[in-house]
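The next block holds one structure in the form of structure tokens; read it before the comments.
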Amino acid sequence: MYKYIFVVFCSFTVSIANAQKTYTNPLLPSGADPWVIYHDGYYYYTNTTGHNITLWKTKNMGALRLAEKKVIWTPPATGAFSKEIWAPEIHFLQGKWYAYFAADSGNNFNHRIYVLENASADPLNGKWIMKGQLNLPENKWAIDASVFENKGKMYVIWSGWKDDVNGEQDVFIAQLKNPWTAEGKRTLVSAPTYPWEQNGDLNNPNDVKHVNVNEGPEILKHDDKIFLIYSASGCWTDYYALGMLTASVNADLLEASSWTKTDHPVFKQSPENQVYATGHNSFFKSPDGKEDYILYHANSEPGQGCGKFRSPRAQKFTWNADGSPNFGVPVAAGVHLDVPSGTDGVTSSRKNPVLNSNFPDPTVINVNGTYYAYATNSIYNGKWNNIQVASSKDLFNWKYEGDALPQKPKWASHTQRYWAPDVLFDSTLDRYVMFYSAQNDDTSLNMCIGVAFAKNPTGPFIDSGSPILQGKDFSNSDPMAMIDPQTGKKLLYWGSDFAQLKVRELNDDWKSFKAGSVATPVMFPDKEKKYSKLIEGSWVDYHDGKYYLYYSGDNCCGDKANYAVMVARADNAFGPFQRLGDANGSGSSVVLEKNKNWFAPGHNSIVKDKKGNTWIAYHAIWPDEAAKAREEHKDKHVRRVMCIQPVVYKNGWPVVEMKY
């Protein structure tokens, strides 16, 4: 049971079949300096084309490539603003639309900011009128303007030169008298002072040798703070990244001392996800206002530079405890992401996957009508979690809670392999009990099974101090514990690695096996043609006086996964178990396997909902993610997301109803 952490991959595909539920990056094949604004139920999007200003209009940012679009302004053939049309943005200010963009006459030294105005309610309609050059203080080289309001005042931020010589771009701020007129002084709020801001060799004999860059400033407000997110280093380098300044909403924003710079990039390239030169971003909220998204451009290969290969991408971000944004890690192209919540006519409260992140081997429990899901270790928002945990009120809408096992056990303190957790509540102990697999620090051993305890379902779970099972392979993994409904005995099922699935009685404290008990085999591998070469993932459901053993086989992971859920039945928790395929004469005990929508489903748990209905929770792989991985890498491991389906028992056997 190889439970590798996912490696995500590149694709320029948007899934039409699942367009109602998810989207994939990039949003468009090409488009640098992406900008979006949400107004009256629509997103209005634009990016640099270089030769005009084009506007897209959509209700679903995940379906941007299908959106209505229109060229709203074309520059004159000659003149001060005829060439190099860069980084357009549109803003709705004082009842009208304003477009800001950088342009020059064909000579980069003449780059300045210009403003267009449109009085129409819809920026795709009406007429865009040139208001002229934005008269920034000192009239120096300027690009990447953005405007914002705070405490009744309007401000403009931009990237510019201190003097009239190329070599460094800084971020400035000034106040606006009206949307097309600046007033007062300009203030330098950020210069590229850290090494990660100073990657900028040009290698162009017709240009300067090196440029240090701060550019693309954008404002993000949260609670009582204002964050100025900017792009650092040259966009022509793979090291293009986002930096951050922070100020109070009550501060004098024209004072440089009001802004504090973070000493590290807050969003940068991810070679492991094949995302490079991440930068020049903007922000938007989901239509219902509940989620925050970052929109940025990036390249899919190293060394692609600052040209046509840059493509727009969007992903949800969260907030840290101190109120600062957590943008996470750039998501690889081709990975399915949930559409923003509240997207008109698109989102459904009941859909699969119910957790669209890498969440393998899920165990779901019901705690007084609140559901908790636990999964194998993975990275979430750039942070390793040893045992993942999430919560839900309805089994379909989940909140990621973090790490249920934040402190590694002393016997497995060096590993990042924490697999297949199983959790139950012991009312006698008044504790939640979690069994899990982990790789032992002793190099003569491999996977072992440990047990941990917590007062709350989200943890923190504290390990008992030593593994309950250990060995030299990974057959001692995939634990599932239960209290036998017939006898009250505490039992542990486990097994993998081409070995038998077994069960053994535990002591009342769950920390050791009962004296005199023996490990009893309950299922053997190689009993069926398609999926049983390796079997694992035991889960026992007691229903109408019978014990139903769900198990999975035989290759859980990667782009060549071959996985399904099978079932057997017994009158006793220790067996003997009769396989479904033997009972009905079909030779197949499979109750859940791949279809056109999902690849390699398996490693399930069974949970009863508030009304007593039975559900199966399991992981599965998006077929196109696996297909793309096969194209690009040999035996590449891909995400396993959590899905759920109802289960009904018919004629004494479970049937998985594929409704969602």
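The values are calculated or read from the model by the stated rules, or taken from the named source; none is laboratory data. Just so it is clear, the model here is predicted, and its values are computed rather than measured. Cβ sites come from the backbone with ideal geometry, for glycine too, and all protein chains shown count toward neighbours. To get the accessible areas, we keep the full protein, side chains included, count just its heavy atoms, and leave off ligands, DNA and RNA. Shrake-Rupley method; radii C 1.70, N 1.55, O 1.52, S 1.80 Å.
About its Cα centre, the dipole of segment 373-507 is roughly 140 debye, where the only charges are +1 on Lys and Arg Cβ and -1 on Asp and Glu Cβ. Projecting the Cα atoms of Phe453, Thr363, Ile379 onto the charge dipole of segment 356-472, computed from C-beta unit charges around the Cα centre, puts Ile379 farthest toward the positive end.
Its Cα centre serving as origin, the chain has a Cβ charge dipole (Lys and Arg +1, Asp and Glu -1) of approximately 1360 debye. Under 16 Å from a point 7 Å along the Cα-to-Cβ line of Lys383: which residues of segment 296-321 have their amide N that close? Within reach of a label on Lys383: 317-321.
Descending by average beta-carbon neighbour count within 10 Å, the peptides 359-367, 262-270, 73-81, 551-559 line up as 551-559, 359-367, 262-270, 73-81, the highest first. Once all protein chains are placed together, Arg417 keeps about 80 Å² accessible to a 1.4 angstrom probe. Rounded to the nearest 5, the antiparallel percentage of DSSP beta bridges internal to the chain is 100%. Across all directions, the average flat footprint of the convex hull enclosing the Cα atoms of segment 17-172 is 10.7 nm². Across every direction, the projection of the convex hull enclosing the Cα atoms of the chain has a mean area of 31.4 nm². Would you please state which residues of segment 129-155 a label at Ala119 would reach in this model, taking the label point 7 Å out along Cα→Cβ and a backbone N cut-off of under 12 Å? Under cut-off, by backbone N: 129. Of the GluC sites (Glu not before Pro) found in segment 578-660, those in coil by DSSP whose Cβ has at most 15 other Cβ atoms within 10 Å are Glu657.
Taking the accessible area of segment 228-289, probe 1.4 Å, and keeping the other protein chains in place, the carbon and sulfur fraction comes to 50%. For segment 267-370, averaging the sequence separation of C-alpha pairs within contact (under 8 Å, six or more residues apart) and dividing by the residue count gives a relative contact order of 25 percent. Between the DSSP loop rule and a limit of at most 11 other Cβ atoms within 10 Å, which chymotrypsin sites (Phe, Trp or Tyr not before Pro) in segment 587-644 are left? Counting only loop positions with at most 11 other Cβ atoms within 10 Å, none of the chymotrypsin sites (Phe, Trp or Tyr not before Pro) in segment 587-644 qualifies. Of His633, His222, His91, the residue with the largest accessible area leads and the full order is His633, His222, His91 (1.4 Å probe). Please work out how much length the chain gains when fully extended from Lys399 to Asp441, using 0.36 nm per residue of separation minus the C-alpha to C-alpha distance, in nm with one decimal. Gain in length upon complete extension: 11.9 nm. Accessible surface computed residue by residue for the chain, with neighbouring protein chains in place and a 1.4 Å probe, gives 39 Å² per residue.
Once all protein chains are placed together, Val354 keeps about 10 Å² accessible to a 1.4 angstrom probe.
Rounded to the nearest 10 degrees, what's the angle between the helix 623-632 long axis and the longest principal axis of the chain, both from Cα atoms, 0 to 90? That works out to roughly 70 degrees. Solvent exposure of Trp319, expressed as accessible area, is near 60 Å², computed with a probe of 1.4 Å over the protein chains only. Across the chain, C-alpha contacts under 8 Å between residues 6 or more apart give a mean separation that, scaled by the residue count, equals a relative contact order of 10 percent.
Hey, which of these cross-link pairs are over 18 Å Cα-Cα: Lys410/Lys511; Lys221/Lys316; Lys69/Lys127; Lys290/Lys399; Lys96/Lys221; Lys21/Lys393? Over 18 Å Cα-Cα: Lys96/Lys221; Lys21/Lys393.
Helical runs (DSSP H, four residues minimum) scored at -39500 (n - 2.57) apiece and divided by the length of the chain put the mean residue ellipticity at 222 nm at -500 deg cm²/dmol. Approximating the spin labels as points 7 Å out from Cα along Cα→Cβ, the Ser30-to-Asp288 distance works out to 3.8 nm. Peptide packing: for 183-192, 494-503, 142-151, the average count of neighbouring Cβ atoms within 10 Å per residue gives the ranking 494-503, 142-151, 183-192, highest mean first. Under the criterion of Cα pairs below 8 Å and six or more residues apart, the relative contact order for segment 178-287 equals 23 percent. Measuring spread by the Cα atoms of segment 561-616 yields a radius of gyration and Dmax of 13.5, 37 Å.
Within the accessible area of segment 508-573, the carbon and sulfur atoms contribute 48%, probe 1.4 Å, all protein chains present. A Förster distance of 22 Å, applied to the separation of the beta-carbon atoms of Lys530 and Asn584, puts the FRET efficiency at 0.90. Modelled label positions at Lys410 and Thr78, each set 7 Å beyond Cα in the direction of Cβ, lie 8.3 nm from each other.
May I ask you to derive the FRET efficiency for Ser257 and Phe513 from their Cβ-Cβ distance with R0 = 60 Å, giving the value to the nearest 0.05? Computed FRET efficiency for Ser257 and Phe513: 0.35.
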